[in-house]
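Taking it in order: structure first as structure tokens, then the write-up.
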Amino acid sequence: MVYAVLAETGAQQRRVRDLPSRVVVYLLLAAALFADLGYGQVWARMIAGLGGHGGLPVAFPTAGALAQARRRVGTAPLRALFDLVRGPAAGVSMQGVRWQGRLVWEVSDGLCKT
């Protein structure tokens, strides 16, 4: 899905970079999970376990480079990704979408059959 939204929004990088656009999208998704951390700390958590003893080559960008990469990618890919994964909005008059005054929703992997 990330590749698709990057292509759809024209946000794919045009040259080889240490921080490809798809990695920046993953960084932003991880940053949402670790909202109390800065980009540098989120990056450290993302790459933990990848490098070292014959592991994958890993970039070590500065916090400023991470912020610049975020600006380069922009908001359109994340908006498009959200549009892909969100379900239809429940209307106010729809029956059965609330339980004890709270909106009921489901996150699915798309593999479940109804």
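Couple of notes before you dig in:
- In plain terms, the chain from Y3 to A35 could stretch by 9.1 nm, reckoned as 0.36 nm per residue minus the Cα-Cα distance.
- Pairwise label distance in nanometres, A59 with R72, each label 7 Å out on the Cα-Cβ vector: 0.6 nm
- Two-site label geometry, R45 and V85: point separation in nm, points 7 Å out along Cα→Cβ: 1.5 nm
Laboratory data are not the source of any read-out in this text; all were calculated from the coordinates shown. Since this is a predicted model, take the numbers as computed values, not measurements. When we count neighbours, we look across all protein chains shown, and the Cβ atoms used for this are built from the backbone with ideal geometry, even at glycine.
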